[in-house]
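The values are calculated or read from the model by the stated rules, or taken from the named source; none is laboratory data. Predicted model only: the values in this text are computed from it and were never measured. No Cβ is skipped: glycine too gets one built from the backbone with ideal geometry, and neighbour counts run over all protein chains shown. Just the protein is used for accessible areas: all its heavy atoms, side chains included, with ligands, DNA and RNA removed. Shrake-Rupley method; radii C 1.70, N 1.55, O 1.52, S 1.80 Å.
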There are 4 protein chains.
Amino acid sequence: MRPSLLVAALLGLTPIASARSQDTVRFTPTVGHPTFAVREPVLRIKPNTVLISNTMHGAYYTREGGPFPGEVGPFYVEGATTNDMLVVRIIRVMPNTGLAAANVSGGFGGLQSDSRLRLLNEPIPSRRYLWELDTTRMVGRTTLPDSRQQSIEIDLKPMLGRVAVAPRGQEAFGGLWPGDFGGNMDAPEVREGTTVYLPVFHEGAYLYFGDGHARQGEGEVAGTGLETSMSVILHVDLVKGKRIDWPRLEDAQHIMVAGSGRPLIDAFRIAHVELVEWLQEYGFGKWDAYALLGQVAENTVANVVDPAYTVVAKFPKRFLPR
Amino acid sequence: MRPSLLVAALLGLTPIASARSQDTVRFTPTVGHPTFAVREPVLRIKPNTVLISNTMHGAYYTREGGPFPGEVGPFYVEGATTNDMLVVRIIRVMPNTGLAAANVSGGFGGLQSDSRLRLLNEPIPSRRYLWELDTTRMVGRTTLPDSRQQSIEIDLKPMLGRVAVAPRGQEAFGGLWPGDFGGNMDAPEVREGTTVYLPVFHEGAYLYFGDGHARQGEGEVAGTGLETSMSVILHVDLVKGKRIDWPRLEDAQHIMVAGSGRPLIDAFRIAHVELVEWLQEYGFGKWDAYALLGQVAENTVANVVDPAYTVVAKFPKRFLPR
Amino acid sequence: MRPSLLVAALLGLTPIASARSQDTVRFTPTVGHPTFAVREPVLRIKPNTVLISNTMHGAYYTREGGPFPGEVGPFYVEGATTNDMLVVRIIRVMPNTGLAAANVSGGFGGLQSDSRLRLLNEPIPSRRYLWELDTTRMVGRTTLPDSRQQSIEIDLKPMLGRVAVAPRGQEAFGGLWPGDFGGNMDAPEVREGTTVYLPVFHEGAYLYFGDGHARQGEGEVAGTGLETSMSVILHVDLVKGKRIDWPRLEDAQHIMVAGSGRPLIDAFRIAHVELVEWLQEYGFGKWDAYALLGQVAENTVANVVDPAYTVVAKFPKRFLPR
Amino acid sequence: MRPSLLVAALLGLTPIASARSQDTVRFTPTVGHPTFAVREPVLRIKPNTVLISNTMHGAYYTREGGPFPGEVGPFYVEGATTNDMLVVRIIRVMPNTGLAAANVSGGFGGLQSDSRLRLLNEPIPSRRYLWELDTTRMVGRTTLPDSRQQSIEIDLKPMLGRVAVAPRGQEAFGGLWPGDFGGNMDAPEVREGTTVYLPVFHEGAYLYFGDGHARQGEGEVAGTGLETSMSVILHVDLVKGKRIDWPRLEDAQHIMVAGSGRPLIDAFRIAHVELVEWLQEYGFGKWDAYALLGQVAENTVANVVDPAYTVVAKFPKRFLPR
């Protein structure tokens, strides 16, 4: 049995793209990068590759103020051109340590002043929560220092905060940024079973990933998820001759678009207008698609803390033409 | 059997507030009002009343450009003061005609220029969709004039766009407005099984309701839901000595806050900050509550078309202290 | 000499609309209203009337927490219909007491959290500044409790925060609101020598004015101007058969539009799009007008504290066709 | 006479920083860069240097769709560290060709849909205006194809759209971006006689400049100014041990801060909060400074078209302590 088929079998998946030759690649990152940008690739992979790897681990997860370990990548996807769409199927995202950290911080968060919402109010106090992760029971537990209830246990829903290609031209966005290149979308929907479609702005696409969250609330309002390192399996592929403007997502229930921008309504509109365009590809007229979104659209405000906010617009697949 | 218990039995509900005397009132509205404001009440009711009524029907639902029939109410709730919280339990919301209307309009909508997002672009074209409603099968069907697929059928999820008290002082907001007084929140969560808690700004509260949607997408992006008239059963009650700042919602799964404002991020923040305050009432510390929302909050952008946008912030009840 | 001509002479003005009969009316308000709305007029006046009056005085100006005295009006302008434009020429705005008050407040302001920008930060402290006004030298002086410099003297630039007609239909907006009906625009440009043009939404227009500021910074960032009561002389007139969508202003240098809304960019766009339309009335093509604004427009953010923000877009009259 | 003193004399300026040794450097750029970022410097200069140069010329200015020639720089300023403030005094900005171009574009502009304000409306049409520049009379003239008035002449007010240092870390922002690093602020205030103070994020600062506008309206609403190439003379200096967060400007009348961000209110708040901090450096208490801004602040919305908007907050120097 070929390793890729083995992976597929272990995960209970139908073999992907079985007609084409599938590679399976194991990659252990040794360096994390602070920006999404064109730079020397860490690896060249072919389309239709199962990439078995992990996010970077580092002090960010283990001590207060520790530096963020950065993004894994870039992976140069052979044959990818600016006329193509990159396909990243999330096969596995699973915490690989027993601890996650989450912060409330005077300098960063969605319900408070910070460096972008600059006000005369005093900043809020900073506080760090350590969460013990149990990946057998798939729960996390932390203490609540100021609550009647001393601790809390919640179920885990592991996700990747960041999946990206290199942005346009010579631009280099810090790891906190989401955009049309993907990046730090911080969307809980980027989890096992979801496929992420990304535009390609450079030959080779330059795929990055990182920023695992054992769980994250919609909006990521306090500024972080349950930040931890992850074992990751991605199936990376290419659709030739297909151009999109913004990251699209798909799972069993929905087709989705992740629009990012500030103000929040811009992210909302970007996501929904791109979704109208996607529906047109399914044969809906433009105004019919708009009217239909008015009745069946769903949405998630994914993050309200990053330099650009992210909104995920969703259309239930059961309303797509068969 | 008392009528209220009969209602409860018919609906399969536990009798509400059974220790206190419960009234059941049938009210057939004859006039709809264009604003939320203090005005001569249509009826005085006691706390702990089951109100069996319907929204106004009118030309708005049957012909293009027909005037909106307005809000039902105000109901003067005896004993309600500005120190209390009004409780409106949605027992029943069900379309009572076979037709709903939905518009795409050059003058109003979330993914386009309109009177508030005033731009130099040409307005989009207007179009009206008539939906046939089948409340036995609980589906709606319309034709899609410009799509490969000629028509579409979707399941119904009836809701009330508007539940309100009179706003502060002498202010009178048109029916399109949501705010801290409730109003046109256009939240799909305001459906059977949900309880709406409202602040009281005047003695008597002055309860209004209206604007039935047989279904509405999250965001109401195209400007309307499946607009139709509804049979409505509400249980109206009062919590004495309890003050809240913004409408709160509760169903079997979540406690929720509906924050309204422009820009969208303001609505988002209002909803989440009020939710932090609600969690504090459950014994969570302020920063613990914030931190926890960061991991388990859910949200819906309810509308992006009204004079104020509405965001519903949600906290899963399974994480509340027992 | 007729009183109106006397007024004109005293002010060094060319008699206004001398061909038509001009009235001069002295009106001393005894009651202030808390909303802009249709209500029983305090006076009926004809077009082409010089109205000599004053804003309400009250505890708001003399003690912390004193209630705002409300708006003067409404004046029913005979013959005004929804096809007409109301003309309000500001002939005189002059403080008529020796004191003005200005607040920094935990509950209201532009560089801080408040009831609309609701955050988890602690509110800022409140503080009240009393300003002594000298209308001979036209200066104001206050003490600066926390500054190296113990006090400061600034020149006065008296203005009216509020000039309004009754808004559409049965809506009633509290005195803090600006909108297409004018209202609390808080634009420093509404001063002696400026003409305010307002749309008319009801027969009779229902003119209101109030909220004198002996001076106010652009943006009114701390929440108030130098709040005081004013002697006011307005010339009220009508342009028949002329419809506008938003308040327009004109002085010796500029034609201007005051757009109000939230978010701030909406106010900005409303003001500039209406200005493009005004330029089209002067014979500029739509895209020429837009292009020209790109090179010669000026703007003021008038307020960032009211329920809707106000931006004044300006076009220099020297670039208008002769 | 040393060249720098010659320059000063020619311009009627007091010699700058005469106690220290002043360099005068002539630099003719041969390459323009598309991003603000750390890269190999084109030149190393000492603090207290008069830099005589010009912006890049290129096809952008002469034919529709021509590529933008990019930024001049980076100049490595010797001795600059992240504890210092870079000082860039604008001694001269003067068009050096007889032509400027300005666009109205379906893809970019402030009163229309574009790639960031993505809507379902059809885009507006594109149009290019060529302006003849007469730097003797200091006027520009263009034809107005759709206006009753066939052409228009306006006075020139040359400015630099972009003055920047390299942004933090490895980030690289495209030339359209403004930020705390300066960049494409598009503020008309960046003209002869104005000093720009910039924070330093890297040793050497990495100064860039470019994007000359023979004139530009406040807001740059249509997307461009009168775009042309410029002769530029800058005096570049350093204040050691002085840290600022955002670009500060100073001219004869005002101290100013240029805050950039989206939404517009964020840019507004950044500018004004930094201005409060600057006033504190002059000895004003924090709340006194806030209160005073409420009465005497002035502002300009500089651009509403770039990836971040820019607002300039101003405080009149006559109210500063002597």
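Considering only DSSP states other than H, G, I, E and B, which GluC sites (Glu not before Pro) in the range A:224-293 qualify as loop sites with at most 11 other Cβ atoms within 10 Å?
Numbers: sites: A:Glu227, A:Glu250, A:Glu274, A:Glu277, A:Glu281; in loops: none.
Here no loop site has a sparse enough neighbourhood.
Each Lys and Arg contributes +1 and each Asp and Glu -1, all at the Cβ; summed about the Cα centre of the protein assembly as shown, the dipole is approximately 0 debye.
I'd like the interface area for chains A and D: accessible area of each alone minus the complex, both sides summed, 1.4 Å probe, protein heavy atoms only. What is it in Å² to the nearest 100? Could you put the intermediate results ahead of the total?
Numbers: alone 14910 and 14930 Å², together 27250 Å².
Buried area (both sides, nearest 100 Å²): 2600 Å².
Per residue of C:138-150, how many C-beta atoms from partner chains lie within 10 Å of its own C-beta, taken as a mean?
Working: counts 0, 0, 1, 0, 4, 1, 8, 4, 9, 12, 6, 9, 0.
Mean partner-chain Cβ count within 10 Å for C:138-150: 4.
Using a Gaussian network for chain C with springs between C-alpha atoms less than 10 Å apart, which of these wobbles most: C:Arg127, C:Arg92, C:Arg262? The residue that fluctuates most here is C:Arg127.
Could you run the Debye sum over the Cα atoms of the range B:33-129, one equal point scatterer each and no solvent, and tell me log10 of I(q)/I(0) at q = 0.11, 0.17 Å⁻¹, two decimals? Each listed q maps to, in turn, -0.55, -0.97.
Among the GluC sites (Glu not before Pro) in the range B:59-124, those located in a DSSP loop and surrounded by at most 14 other Cβ atoms within 10 Å of their own Cβ are B:Glu64, B:Glu78.
Residues of the range B:197-221 whose accessible area (probe 1.4 Å, heavy atoms of protein chains only) drops by at least 30 Å² once all protein chains are present, relative to their chain alone: B:Arg215, B:Gly217, B:Glu218, B:Val221. Placing a label point 7 Å from Cα along the Cα-to-Cβ axis, B:Glu153 is separated from the same position in the other copies by 4.6, 7.4, 8.4 nm, shortest listed first.
Quick one: putting +1 on the C-beta of Lys and Arg, -1 on the C-beta of Asp and Glu, what dipole do you get for chain D around its Cα centre, in Debye to the nearest 20? Numbers along the way, then the final one.
Values: 32 positive and 34 negative charges, 111 e Å.
Here the size comes out at about 540 debye.
Taking every residue in B:270-277 and counting other chain Cβ atoms within 10 Å of its Cβ, the average works out to 4. A 1.4 Å probe run over the range D:51-93, with the rest of the protein chains in place, finds 33 Å² accessible per residue.
Taking every pair of distinct Cα atoms and averaging 1/r, then inverting, what Kirkwood hydrodynamic radius in Å comes out for chain C?
Numbers: mean 1/r = 0.0496 Å⁻¹.
The answer is 20.2 Å.
Averaged over its residues, the range D:129-185 has an accessible area of 39 Å² per residue, based on protein heavy atoms and a 1.4 Å probe. Counting Cβ atoms of other protein chains within 10 Å of each Cβ in C:33-39 and taking the mean gives 2. Rounded, prolate or oblate for the protein assembly as shown? Axes are the square roots of the Cα gyration tensor eigenvalues, ordered a ≥ b ≥ c, and the cut-off for rounded is a/c under 1.5. The shape class here is oblate. Surface composition of the range B:34-98: carbon and sulfur make up 51 percent of the accessible area, probe 1.4 Å. With the largest listed first and rounded to whole Å, the semi-axes of the equivalent ellipsoid of the range D:183-300 from the Cα gyration tensor are 25, 19, 13. For chain A, the membrane-span-like helices by this rule, meaning whole DSSP H stretches whose C-alpha atoms cover at least 18 Å of axis and whose Kyte-Doolittle mean is -1.0 or above, are A:264-281; this says nothing about an actual membrane.
Keeping the other protein chains in place, figure out the carbon and sulfur percent of the accessible area of the range B:190-322, with a 1.4 Å probe. Mind showing how you got there, number by number?
Numbers: 1210 of 2860 Å².
The nonpolar share, carbon plus sulfur, comes to 42 percent.
Of A:Lys46/A:Lys240; B:Lys240/B:Lys286; C:Lys157/D:Lys157; D:Lys46/D:Lys242; A:Lys157/B:Lys286, which sit over 20 Å apart, Cα to Cα? Walk me through the numbers on the way to the answer.
Details: A:Lys46/A:Lys240 13 Å; B:Lys240/B:Lys286 25 Å; C:Lys157/D:Lys157 28 Å; D:Lys46/D:Lys242 18 Å; A:Lys157/B:Lys286 24 Å.
The pairs that break the limit, which is 20 Å between Cα atoms, are B:Lys240/B:Lys286; C:Lys157/D:Lys157; A:Lys157/B:Lys286.
Think of the range A:255-322 as having a plus end and a minus end, set by charges on the Cβ of Lys, Arg, Asp and Glu; of A:Gly285, A:Val273, A:Val301, A:Gly285 sits farthest toward the positive end of this dipole. This model, with +1 at the C-beta of Lys and Arg and -1 at the C-beta of Asp and Glu, gives the range A:183-322 a dipole about its Cα centre of some 440 debye.
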